[in-house]
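Here's the structure, in structure tokens; my notes come after.
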Amino acid sequence: MYELDSQPALDLYKKYLGDEAQNLPGSALLFPLQIRPTENASHEVVRTIVGVEEENHSMIFAGDVPQGYVARLMRGNFENLIEGAARAARMAETKVNGHDKLAILISCIGRKLLLGQRIGEEVEAVSESLGGAVPQIGFYSYGEISPHATTGKCELHKQTMTITVFSEA
């Protein structure tokens, strides 16, 4: 990304980060970018900054950032991340009828790096939301391809946890 709000993208981003800007690109995990099409406010996805190019004041993202999209600078919040995973588990569980369920958890490595020691809390919150008796298996990835909760369109997500629940009807 070269430009954001008619300003050099990296300059604006560094201003937003303040003292954390000196730790780029590592500190970018704490400050991802939410993007969405101008015409669809409910179709937001998160993008992680994976590199910066000082010479042209630009940022490199994991995943596309289409021109003309609306962007929102975000700040990582442990409680919101953990509650978001629990909410995703509740959504996945309610869409499955039957018994003998199995949950597959795929979490972005960015979440693990951000949550650090608190990563176990996220898994516990998911387990509680699934009812505690649903076996779980999971792994970390460098992004997840899954349907968007609102639109159903399958696409790349970053810094998310995706949960799939299978059951025998």
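Structure data summary
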quantity	calculated
Sole exception among (1) within 18 Å of Glu144 (Cα to Cα); (2) modelled with pLDDT under 90; (3) assigned by TED's automatic domain parsing to the domain that holds Ile137 for Ala85, by number	(2)
Unmet criterion (only one of (1) touching a Lys or Arg at 6+ places or on another chain (Cβ under 9 Å); (2) surrounded by 15 or more Cβ atoms within 10 Å (Cβ to Cβ); (3) more than 30 Å from Gly51 (Cα to Cα)) for Ala133	(2)
Check on Arg75, basic (Lys, Arg), under 14 Å from the mean Cα position of the chain (by Cα) and buried (at least 19 other Cβ atoms within 10 Å of the Cβ)	no
Residue match in segment 46-68 (condition: among the basic types (Lys, Arg) and within 30 Å of Thr164 (Cα to Cα))	yes
Test: Pro37 is closer than 29 Å to Lys153 by Cβ, touching a Gly at 6+ places or on another chain (Cβ under 6 Å) and either of a type in the set (Val, Ile, Thr) or surrounded by fewer than 16 Cβ atoms within 10 Å (Cβ to Cβ) (or both)	no
Qualifying position, being surrounded by 13 or more Cβ atoms within 10 Å (Cβ to Cβ), in contact (Cβ under 8 Å) with a residue 24 or more places away in the chain and acidic (Asp, Glu), among Glu93, Glu128	Glu93
Candidate set: segment 139-164, residues that are among the hydrophobic types (A, V, I, L, M, F, W, C) and under 18 Å from Pro37 (Cβ atoms); chosen: the one surrounded by the most Cβ atoms within 10 Å (Cβ to Cβ)	Leu156
Restricting segment 107-123 to residues that are within 22 Å of Lys95 (Cβ to Cβ) and modelled with pLDDT of 90 or more, the residue that is farthest from the chain's Cα centre (by Cα)	Val123
Criterion violated by Gly110 - all others in (1) small (Gly, Ala, Ser); (2) without any contact (Cβ under 8 Å) to a residue 24 or more places away in the chain; (3) under 27 Å from Asn40 (Cα atoms) satisfied	(2)
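The values are calculated or read from the model by the stated rules, or taken from the named source; none is laboratory data. Because the structure is a prediction, the values reported are computed rather than measured. Counting neighbours? That spans all protein chains shown, and the Cβs are built from the backbone with ideal geometry, glycine included.
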